[in-house]
Amino acid sequence: MNQKRAIKTRNYRIGIYFALLSIAIVGVAVYTILDRLTQEALAVLAGATCGVLAAIPTSLLIVVVSRRLPAQAGERPKQAQQPQPPAYAGRQQGTYPPVVVIAPQGTQQHQLPGWPGWGARGIMDPPAERSFTVVGGDLDD
């Protein structure tokens, strides 16, 4: 029993030694790097560090909220079901009969001359005559 305790104590001391050694090595490296940087570079590094540290709580909040939303989705009240239209003979459920629109008699459709399909408002005017000059061609055309 005493031997097991001695092994645990030795392993614990070795772990502490390596942790302190790692902290010392990282500290010396950070001091060396920061000593060589300019003031502008230090300001950029400090700003980036503060930005990352400010983003951590926000991202954790987003993760927490997004994990709660699916649980709340099942708690929504059920919507009242709308009545279905009766199924007509000869057609499948969910399809609608064709719609036929018949224009009333006596209406006059205004069209521009030579332009079929243009309505009474004349939204667009017919294009004006266009002239083209072909590069390398005669200018008399």
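The values are calculated or read from the model by the stated rules, or taken from the named source; none is laboratory data. Please read all numbers here as calculations on a predicted model, not as lab measurements. Note that we place each Cβ from the backbone using ideal geometry, even for glycine, and neighbour counts take in every protein chain shown.
With respect to residue 23, is the statement that it is surrounded by 10 or more Cβ atoms within 10 Å (Cβ to Cβ) and either at pLDDT below 95 or of a type in the set (Ser, Thr, Tyr) (or both) true?
For residue 23, the condition - surrounded by 10 or more Cβ atoms within 10 Å (Cβ to Cβ) and either at pLDDT below 95 or of a type in the set (Ser, Thr, Tyr) (or both) - is not met.
Within the stretch 67-85, can one find any residue that is modelled with pLDDT under 60, surrounded by 10 or more Cβ atoms within 10 Å (Cβ to Cβ) and not aromatic (Phe, Trp, Tyr)?
no
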